[in-house]
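A.B. asks: Take a look at this one; I'll ask things after.
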Amino acid sequence: MKREVQIQSRRLLREKRSARVLLTGIVVLLAGIAAVYLYFHNPHQYPLPCIFYLMTGFYCPGCGTGRACYSILHGQFMKAFCYNPVTVVLLPFIGLYIAARTIDWIWTGGNHVDCRINEKMLIAVLVFVLLFGVMRNLPFYPFSLLVPGGMQELLM
């Protein structure tokens, strides 16, 4: 019974553009609600804990992303860069990818975007993010500037 419902749901989304538009609208609405929540929920007062940091004591490549997104929503791009420079640099590309993929899915019901992305570029981005995660944990200058908020004294 459950399997039949899944098959019918997939068929509906594959065949009906109106269902894809409705689902996309719901997801955009939920993302908007999350952005409004983050806008009014100050992560400096109520921080979102990083499980990786709590378990290991090391900063993950994503540490500071919540504060960076909060700063971006408030128009403080330099402050956002200080919290997590990789997030600030990659966020426009991630947004462009999500927009292109969503438009393609709404229009065709398929995925014609991923096959156009060069695998070597994805591997290069992954290696860059992992190296950033390692470098921001090195305890000496200039790498100590990569910790969340570490560049604020220098740039602000």
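A.B. asks: Out of all the residues in the range 1-50, which are under 25 Å from TYR70 (Cβ atoms) and touching a Leu at 6+ places or on another chain (Cβ under 7 Å)?
C.D. replies: Within the range 1-50, ALA35, LEU38, TYR39 qualify.
A.B. asks: Select from the range 101-120 the residues that are over 17 Å from LEU12 (Cα atoms) and either of a type in the set (Lys, Arg) or surrounded by 14 or more Cβ atoms within 10 Å (Cβ to Cβ) (or both) and list them in ascending order.
C.D. replies: ARG101, VAL113, ARG116, LYS120 - these are the residues of the range 101-120 that are over 17 Å from LEU12 (Cα atoms) and either of a type in the set (Lys, Arg) or surrounded by 14 or more Cβ atoms within 10 Å (Cβ to Cβ) (or both).
A.B. asks: Let me ask you something else. Report yes if some residue within the range 68-82 is more than 19 Å from the chain's Cα centre (by Cα) and either in contact (Cβ under 8 Å) with a residue 60 or more places away in the chain or closer than 21 Å to VAL36 by Cβ (or both); otherwise report no.
C.D. replies: no
A.B. asks: While we're looking at this one, here's another question. Among the numbered criteria (1) touching a Phe, Trp or Tyr at 6+ places or on another chain (Cβ under 9 Å); (2) at pLDDT below 90; (3) of a type in the set (A, V, I, L, M, F, W, C), which single criterion is violated by PHE140?
C.D. replies: (1)
A.B. asks: Okay, moving on. Please determine, by comparing only the residues of the range 44-64 that are part of a loop (DSSP other than H, G, I, E, B) and farther than 18 Å from MET151 by Cα, which one is modelled with the highest pLDDT.
C.D. replies: GLY57
A.B. asks: List the helices (runs of 4 or more DSSP H) inside the range 65-156, counting only whole elements, that have at least 3 residues being over 25 Å from GLN45 (Cβ atoms) and out of contact with any Leu (no Cβ under 7 Å at 6 or more places or on another chain).
C.D. replies: 85-108, 119-135
A.B. asks: In addition: Out of all the residues in the range 49-63, is one or more surrounded by fewer than 19 Cβ atoms within 10 Å (Cβ to Cβ), of a type in the set (Phe, Trp, Tyr) and touching a residue at least 40 places away in the same chain (Cβ under 8 Å)?
C.D. replies: Yes, the range 49-63 has at least one match.
The values are calculated or read from the model by the stated rules, or taken from the named source; none is laboratory data. What you see is a predicted model; the values in this text were computed from it and never measured. Positions of Cβ are generated from backbone atoms using ideal geometry, with glycine treated the same way; all protein chains shown enter the neighbour counts.
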